Structures are given as C-alpha cells and as structure tokens.
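The values are calculated or read from the model by the stated rules, or taken from the named source; none is laboratory data. A quick note: this is a predicted structure, and the numbers were derived from the prediction, not measured. So basically every Cβ, Gly included, is an ideal-geometry build from the backbone, and we count neighbours across all protein chains shown. Please note that ligands, DNA and RNA were not included when accessible areas were found on the heavy atoms of the full protein model with its side chains. Shrake-Rupley method; radii C 1.70, N 1.55, O 1.52, S 1.80 Å.
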Amino acid sequence: MTTFLLVHGAWHNGQSWNRVAPLLESAGHRVLAPSLTGYGDKSHLLSPEVGLGTHLDDVAGLIEGERLDDVVLVGHSYAGMVISGVADRVPERIAQLVFLDAMVPEDGESAVDVLPVTKQLIDVAVDGWRVPPMPEQPPPLGLFGVTDPDDVAWLRSTLSDHPVRCLQEPVSLGNPAARTIPRTHIHCVEARPAGITRRPVPAGERVRELPTGHDCMITMPAELTGLLLEAAGSTPSSGQTSMRFSSSS
C-alpha cells in the first residue's frame, strides 16, 4: 500500500481530488487530500497572514502528525511550491514528488519568480491581499481547463480567494537530501492560457503529458490516476523519460 498525499492548487480545495481519490483507494492505496488553510472547510481561516509558510506547515504537520512514511506527495499548480518546501523539511518521509502541471521553484524563489504573470494578479488584488479566482473563458480554456457546464458550475462553487502572501513568500530549498527524491512531472498540454510558461525539466526526471486542460483531476481522472500509480511504482529508465498519455476516446 502506498500513501498518496494530494495537495490542491491556488483557489481550489481538497474536493478537487474527489474523482481521483476513490480510484487510488480502489487500487488498495491510502489517500489524503486535505484543504489548505483558507480553503474548503478551512475557508474561515483565510486572512492576509496566510502565506506559503502557512501551507508548508499544513502539509508537513499532517505528515508528522499522521506519522506518514514513503509518501507520494502530489502538488497541483501553486502546490508545486508547497511540496517543494515540504520535501526540504521532511525528505526522509517522501518517496516521490509529483509536480502536476505545477510550479517548480529553485531555492529562494517565490511564485512570482517562477511564474511572473502572477504579478498581474497581485496588482488587482481585492483589499490589497485577496486574489479572486480566475474567470471562466470561452472553450477550450474554460475554467482552469474545465469546459463541461456541470463541472464548471461545481468547480466554481468550490473556489476561494487566494492570499497575496502565498505568491510573494520565497521557499527555502537548502536540504541536499530533498534533491535525491525521485520526481515526476505531469504536464497538461492543451488549452494553456497566454503568459503561462513552463521551465525545462532537468535530465533524468520523468515527464508525462495529458491532453487536457489544467484541472486534469476533473477532466481526466482515470488517466491521471494511472500516471500517479506509475509514479508510485516505477523508476524511469535513463534512455526514455518522456511520454504522452492519450485519451482512449
């Protein structure tokens, strides 16, 4: 049995994984999909003081509190910042890092450094600290890549504002042990908004692609689950680290 710890991205909450968690559990694995401070069942805790450090405490505290080991730590979008910082704190607890269409920072970088377009969100923050969810756009962009009307309505009902501090706080990545943790990068390669750039993946790290928009846990849950199971159970060969996962439809 593998323990999957699924960390949602900005504006979202733990419900984002509602279609993926049961599939992983039916395969015999343990799944934790918490909402970070300020989202979901913790939305009442949203404040200007909530930042990246708060979310690092959330996830690292859960790992320590539940005494989790050999964790497959999955971070979607902004949560790439979170899982990077958590791995730096407790590398001995992490078996695999999975960056799911996620920010991949270097030491000392903030989300704005990784994805400069986020500076525009800070400039229009409500009351100087609340960044509203991204608006729905015409297909194929939709709402975070989700275009089905029922799914869009459900997703919109789950979203919360995102604190500016989460985008401005730098992450500290000084623990060399964290760099030895195997990494998988899952890229959603369709319907990418303008200004969203992706850094090159270092040689030797596994890359997988899904032909869908950003919120692949909603649009392609079965295919995503297959890639997460692959990440948990195998190591990429030195000769082939990239593969596109196509829908069967």
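What to note about this one:
- Selection of the stretch 73-100 for residues being β-branched (Val, Ile, Thr), in a strand (DSSP E or B) and within 19 Å of HIS12 (Cβ to Cβ) yields VAL74, VAL98.
- Boolean, LEU56 is farther than 15 Å from LEU167 by Cα, touching a helix residue (DSSP H, G or I) at 6+ places or on another chain (Cβ under 9 Å) and surrounded by fewer than 24 Cβ atoms within 10 Å (Cβ to Cβ): no
- Being charged (D, E, K, R), farther than 19 Å from GLY65 by Cα and open to solvent by 10 Å² or more (accessible area, probe 1.4 Å) holds for only one residue in GLU92, GLU106, and it is GLU106.
- Within the stretch 166-182, the set of residues being part of a helix (DSSP H, G or I) and within 17 Å of the chain's Cα centre (by Cα) comprises CYS166, LEU167.
- Some residue of the stretch 133-146 being touching a helix residue (DSSP H, G or I) at 6+ places or on another chain (Cβ under 6 Å), open to solvent by less than 50 Å² (accessible area, probe 1.4 Å) and assigned to a helix (DSSP H, G or I): no
- Within the stretch 147-163, if we keep just the residues that are in a loop (DSSP other than H, G, I, E, B) and of a type in the set (D, E, K, R), the residue that is surrounded by the most Cβ atoms within 10 Å (Cβ to Cβ) turns out to be ASP161.
- Considering the stretch 64-82, the residues that are closer than 16 Å to ALA232 by Cα and crowded, with 24+ Cβ neighbours inside 10 Å include one that is farthest from the chain's Cα centre (by Cα), namely VAL71.
- The strands (runs of 3 or more DSSP E) falling completely within the stretch 183-249 include none with 3 or more residues that are modelled with pLDDT of 95 or more, farther than 19 Å from LEU23 by Cα and aliphatic (A, V, I, L, M).
- Residue within the stretch 110-123 that is open to solvent by 50 Å² or more (accessible area, probe 1.4 Å), acidic (Asp, Glu) and not in a strand (DSSP E or B) present: yes
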